[in-house]
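What follows is a short report on a single structure.
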Amino acid sequence: MSEVRSAGIDFGTSNSAAALPGDGNSPARVLSIDARAEDARLLRSVLFFPEGSPDVLAGAAAIESYLGDFEGRFLQSIKTFLPSPSFTHTEIRRKAWKLEQLIALLLTRIREAVEREAGGPLTHVVFGRPAVFSPDKERDALAEARLLQAATLAGFPAPTFVIEPIAAALRYEESLARDEVVLVGDFGAGTSDFTLMQLGPSRRNALDRREDVISSSGVYVGGDRFDSAIVEHKLLTLFGAGSTFASLLKRVEVPTWMTRKLLAWHELSMLREKSNLDFLRNAVKTSDRPRELQNLVTLAEENLPFHLYRSVESAKRELSTSERVTVSFHEADIDIEARVTRAEFEHWTEPLRDELSRAVDRCLASSGGLKPDAVFLTGGTSKIPSVRQLFAQRFGESRLREGDAFTSVAAGLGRAAGVVARGGASLGRGAVSVQGERDELA
Ligand SMILES: Nc1ncnc2c1ncn2[C@@H]1O[C@H](COP(=O)(O)OP(=O)(O)OP(=O)(O)O)[C@@H](O)[C@H]1O
Ligand SMILES: [Mg+2]
């Protein structure tokens with residue numbers, strides 16, 4: 001009989017991770033997949049194509065090389081594009097790259113690292129996916145089909161998909177000494193997903209767990225949008241938002257669509273187009289706030305969006321443990337020091353927590369009145385105190401549980417991969433509540 005080798009892969013918006021199922025009853029093992037990273041278990045889901053070189057770098061090496069002043073094309077949050085039919089390809093170094101091919105570059109790195117640890121080619125692989133890639137069914141199916149194609153291009157066997165919060169639930173279950181109904185919340189960079197599931201020793205060895213998944217829901221609220229809130233409320237004006245310039249005989253405002261590109265890093269490259277740059281350079285000459293508008297010009301000219309993203313994201317993380325932080329950004333001729341308090345941040349992000357709350361409502365609404373005994377929070381964005389607080393207020397502090405925020409999903413996928421390899425039923429997606437409606441995708 002040929003050897004069975006299985007693994008779970010968590011392709012994340014910001015971080016990716018992978019795990020092998022444990023032997024017998026031992027827990028799944030999260031693998032080192034990026035030796036250059038601060039935490040080798042996490043591969044940052046970014047790519048860098050240095051100019052004038054055939055190389056493509058991924059993870060920490062991509063970031064190092066890009067920040068080390070190498071010219072080229074840097075891509076981040078690639079997962080976000082999966083449900084978008086308008087993203088068909090992008091041109092890099094005179095070659096058209098399909099989204100699936102770009103993702104396959106990252107997945108290939110992961111497969112190679114995993115196969116080294118597994119001792120040969122995989123026979124079974126379980127991939128995570130958000131509970132909801134898109135509320136639009138066609139887009140949702142497109143996203144999954146693209147991820148499947150990327151996995152195949154990367155040399156993986158055809159993957160089985162399990163939604164990310166179910167995977168996190170499977171990880172949490174390994175720690176349980178008695179049965180519980182658990183609400184799992186996985187708060188990532190791109191999405192937050194919820195699952196209500198029956199977990200515990202009485203059922204954890206069953207090969208078919210589909211009946212245990214009570215309900216799931218998801219929403220496009222993750223760390224990236226918490227970053228954008230800081231940019232929107234604190235930084236936009238420092239890049240010329242609301243400033244005016246002379247146009248013929250009157251003064252007009254700089255178009256908001258231009259400054260608002262700062263809220264979506266991946267769209268900032270549009271400002272580098274010659275017509276847009278010429279327009280902005282001209283506007284600086286008669287601007288009522290030339291210094292600020294010049295900051296936007298420099299950001300585009302010098303290709304600094306990722307540098308700005310790093311400053312903002314790092315300030316946001318610091319706000320999880322400090323009451324006030326300073327967003328410091330000193331690149332080329334841009335000098336920005338902007339103070340942000342925890343209270344301000346909480347105020348700006350209230351609408352995001354409302355969206356999270358409604359997604360929890362949708363998950364619980366379809367549960368037939370079952371209340372969770374425990375609430376397991378995972379994903380990097382669960383570290384934001386006000387996000388945790390939302391759950392403490394609603395379910396009680398004593399019910400909250402936490403695991404490793406960045407690897408629970410991968411570990412659960414690793415465990416699911418072991419079950420699939422033994423011929424178990426895939427947990428798939430189950431019934432997912434999509435903005436109020438029940439969406440019965442198997
Ligand atoms: N200490 C912290 N405080 C607040 N946010 C944090 C902290 N640490 C990490 N984050 C945020 O967590 C997010 C990354 O978390 P995670 O790795 O769980 O996401 P992901 O799996 O890549 O995304 P997704 O699951 O949506 O595809 C980022 O937005 C990051 O800024
Ligand atoms: Mg995730």
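The values are calculated or read from the model by the stated rules, or taken from the named source; none is laboratory data. As the structure is a computational prediction, the values presented were derived from the model and not from experiment. All Cβ positions, even for glycine, are placed from backbone atoms using ideal geometry, and neighbour counts span all protein chains on display. In case anyone asks, the SASA skips ligands and DNA or RNA and just uses the protein heavy atoms, side chains included. Shrake-Rupley method; radii C 1.70, N 1.55, O 1.52, S 1.80 Å.
Brief remarks follow.
- Verdict on F127 being at pLDDT below 95, within 16 Å of ligand 2 (Cβ to nearest atom), touching a Pro at 6+ places or on another chain (Cβ under 6 Å) and not polar (S, T, N, Q): no
- Criterion: within 25 Å of G12 (Cβ to Cβ) and either at pLDDT below 95 or within 20 Å of the chain's Cα centre (by Cα) (or both) - qualifying residue of L370, L427: L427
- Complete set of residues in region 138-154 that are open to solvent by 10 Å² or more (accessible area, probe 1.4 Å), away from ligand 2 (no atom under 16 Å from the Cβ) and under 21 Å from S426 (Cα atoms): A141, L142, A145, R146, L148, Q149, T152
- Taking region 210-302 as the region of interest, the helices (runs of 4 or more DSSP H) fully inside it that hold 1 or more residues being free of Cβ contacts under 8 Å to residues at least 24 places away in the same chain are 256-259, 274-285, 290-301.
- In the set (1) surrounded by fewer than 24 Cβ atoms within 10 Å (Cβ to Cβ); (2) in contact with a Lys or Arg (Cβ under 9 Å, 6 or more places away or on another chain), the condition left unmet by A96 is number (2).
- Count of region 240-292 residues which are modelled with pLDDT of 90 or more, over 30 Å from T90 (Cβ atoms) and more than 31 Å from the chain's Cα centre (by Cα): 16
- Residues in region 190-220 that are open to solvent by less than 50 Å² (accessible area, probe 1.4 Å) and either within 16 Å of ligand 2 (Cβ to nearest atom) or within 21 Å of T349 (Cβ to Cβ) (or both): 10 in all.
- Some residue of region 202-217 being within 16 Å of ligand 1 (Cβ to nearest atom) and modelled with pLDDT under 95: yes
- Condition met for A300 (small (G, A, S), touching a helix residue (DSSP H, G or I) at 6+ places or on another chain (Cβ under 6 Å) and open to solvent by 70 Å² or more (accessible area, probe 1.4 Å)): no
- So R171, is it assigned to a helix (DSSP H, G or I), among the basic types (K, R) and away from ligand 2 (no atom under 13 Å from the Cβ): no
- Applying the set (1) open to solvent by 30 Å² or more (accessible area, probe 1.4 Å); (2) under 27 Å from L248 (Cβ atoms); (3) modelled with pLDDT of 95 or more to H330 leaves exactly one unmet item: (2).
- Residue within region 243-257 that is among the β-branched types (V, I, T), farther than 30 Å from N25 by Cβ and within 16 Å of ligand 2 (Cβ to nearest atom) present: no
- Filtered by the rule that a residue be assigned to a helix (DSSP H, G or I) and within 11 Å of ligand 1 (Cβ to nearest atom), region 315-343 gives A315, K316, R317, E318, L319.
- Residue within region 59-66 that is part of a loop (DSSP other than H, G, I, E, B) and within 16 Å of ligand 1 (Cβ to nearest atom) present: no
- Taking residues in region 383-401 that are over 13 Å from K371 (Cβ atoms), and partners anywhere that are open to solvent by 90 Å² or more (accessible area, probe 1.4 Å), the pairs with Cβ atoms closer than 8 Å and at least 6 places apart or on different chains are K383/R317.
- Of all residues in region 1-14 being more than 13 Å from G128 (Cα to Cα) and not hydrophobic (A, V, I, L, M, F, W, C), the one that is nearest to ligand 1 (Cβ to nearest atom): S14
- Residue within region 181-189 that is farther than 19 Å from P27 by Cα, assigned to a loop (DSSP other than H, G, I, E, B) and within 16 Å of ligand 2 (Cβ to nearest atom) present: yes
- Applying the condition of being farther than 30 Å from R422 by Cα and within 16 Å of ligand 1 (Cβ to nearest atom) to region 15-44 and asking which residue is least open to solvent (accessible area, probe 1.4 Å) yields A37.
- Extreme residue, farthest from D373 (Cα to Cα), among residues of region 155-189 that are of a type in the set (V, I, T) and buried (at least 18 other Cβ atoms within 10 Å of the Cβ): T160
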